[in-house]
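One structure is given below, represented as structure tokens, and several questions about it will come after.
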Amino acid sequence: MFTKALENIKKKKPDALYDEISFRKIEEGKSIQILHVGSYDDEPKSFEQMDEFARKLDLTRIGDFHKEIFLSNKNMTSEEKQKTILRYSLK
């Protein structure tokens with residue numbers, strides 16, 4: 001489904017950066033997440049809270065990537081009200 005959608009957008013709005021897009025399956029298992037409210041520039045504060053919580057539970061982050069689930073449309077929501085779920089896997 002994603003590959004077909006990407007091919008369609010390549011035809012409608014060409015951009016050389018589309019070739020850098022890749023898809024991969026990620027098995028999450030245990031994870032930790034937080035609802036971040038506000039500017040994307042302030043996300044490091046939320047990650048610090050997540051890291052501290054994980055340390056208290058003696059859990060370790062897996063990998064160097066995270067997921068972001070955008071709950072707000074940044075074009076229609078003021079910066080201070082934007083909502084994003086931040087999540088990363090643990091062991």
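The values are calculated or read from the model by the stated rules, or taken from the named source; none is laboratory data. Just so we're clear, the structure is a prediction, and the values are computed from it rather than from any experiment. Using ideal geometry, Cβ is built from the backbone for each residue, glycine included, and neighbour counts are taken over all protein chains shown.
Out of all the residues in the stretch 52-68, which are β-branched (V, I, T) and surrounded by 12 or more Cβ atoms within 10 Å (Cβ to Cβ)?
Of everything in the stretch 52-68, just one residue is β-branched (V, I, T) and surrounded by 12 or more Cβ atoms within 10 Å (Cβ to Cβ), namely I62.
Shifting gears a bit: Under the condition of being closer than 20 Å to D64 by Cβ and aromatic (F, W, Y), which residue from the stretch 1-47 is modelled with the lowest pLDDT?
For the stretch 1-47, the residue satisfying everything is F23.
Quick one: in the stretch 49-83, of everything that is among the aromatic types (F, W, Y) and more than 12 Å from L35 (Cα to Cα), which residue is modelled with the highest pLDDT?
F53
Follow-up. Taking into account only those residues within the stretch 11-68 that are part of a strand (DSSP E or B) and touching a helix residue (DSSP H, G or I) at 6+ places or on another chain (Cβ under 9 Å), which is farthest from K91 (Cα to Cα)?
Applying the filter and picking the extreme gives V37.
Are any residues in the stretch 70-91 surrounded by 12 or more Cβ atoms within 10 Å (Cβ to Cβ), free of Cβ contacts under 8 Å to residues at least 60 places away in the same chain and closer than 27 Å to R24 by Cβ, and if so, which ones?
Passing the criteria: F70, L71, S72, K74, Q82, K83, T84, I85, L86, R87, Y88.
Another question, then. Out of the residues in the stretch 16-51 that are of a type in the set (D, E) and surrounded by 10 or more Cβ atoms within 10 Å (Cβ to Cβ), state the one that is nearest to S78 (Cα to Cα).
Top of the filtered list is D42.
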